[in-house]
Amino acid sequence: MKWLSVPFLLAWLAAPAGFAAEPAAAPAYDEALARRVGADEHGMRPYVLVILKTGPKRMPDGAARDAMFAGHFANMERLAGEGKLALAGPFMKDPDGWRGLFVFAVDDIEQARALTATDPVIANGEMVAEYHRWYGSAANMLLPELHKQLVKPAAATAAP
């Protein structure tokens with residue numbers, strides 16, 4: 001009986017790939033979606049990457065600090081809702097003072113500066129911003145709407 005199992009195993013291992021599942025077909029180009037997210041012919045678009053770093057004035061713990069960060073989160077929601085903020089989030093504890101990032105869907109650094117200036121953490125000196133032009137996937141524009149589908153309703157009201 002053993003001599004049957006070895007040839008069978010060898011035949012199975014040498015079987016043509018036709019027995020394997022066919023790879024999924026690549027999705028078709030969606031011109032309407034590309035236009036909606038501002039994609040160029042490569043599926044990319046310009047952004048401005050903003051690195052938020054620890055600023056010169058730490059707001060003391062308490063109600064004013066809580067209000068500043070509530071304003072920070074509300075500002076990010078507003079900018080994402082306007083289609084200006086594609087991505088935002090904090091860095092893990094960083095010894096160099098890197099606190100978070102914004103990826104703005106704008107054409108130049110001056111536009112990003114104007115948007116960043118509306119944030120309470122910048123206005124209060126809690127954080128300072130560093131700006132970099134960036135060319136990335138236009139699919140980043142879909143992140144805000146996808147993110148909303150991943151946040152449980154109870155977590156939406158709780159502070160991180």
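What follows is calculated from the coordinates using simple rules that are stated; it is not laboratory data. Not measured: the values here are computed from a predicted model. For neighbour counting, all protein chains shown are included, and Cβ atoms are generated from backbone atoms with ideal geometry for every residue, glycine included.
Could you tell me which of rounded, prolate or oblate describes region 46-157, using a ≥ b ≥ c as the square roots of the eigenvalues of the alpha-carbon gyration tensor, with rounded for a/c under 1.5 and, failing that, prolate when a/b is larger than b/c and oblate otherwise? Don't skip to the end; give the middle numbers.
Values: a/c = 1.73, a/b = 1.17, b/c = 1.47.
Since a/c reaches 1.5 but b/c is at least a/b, the shape of region 46-157 is classed as oblate.
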Quiz prompt | Dipole moment magnitude, nearest 20 debye, region 88-160 about Cα centre, only Lys, Arg, Asp, Glu C-beta charged | solution = 340 debye
Exercise. May I ask you to evaluate 6.51 cos²θ - 1.76 cosθ + 1.60, the Karplus curve with θ = phi - 60°, for each residue of region 52-61 and list the ³J(HN,Hα) values in order in whole Hz, giving x for glycine and proline?
Key: 9, 10, 4, x, x, 10, 6, 6, x, 4
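Among 25-33, 55-63, how do they line up by average Cβ neighbours within 10 Å per residue, starting with the highest?
Details: 25-33: 8.4, 55-63: 10.6.
So the order, starting with the most tightly packed, is 55-63, 25-33.
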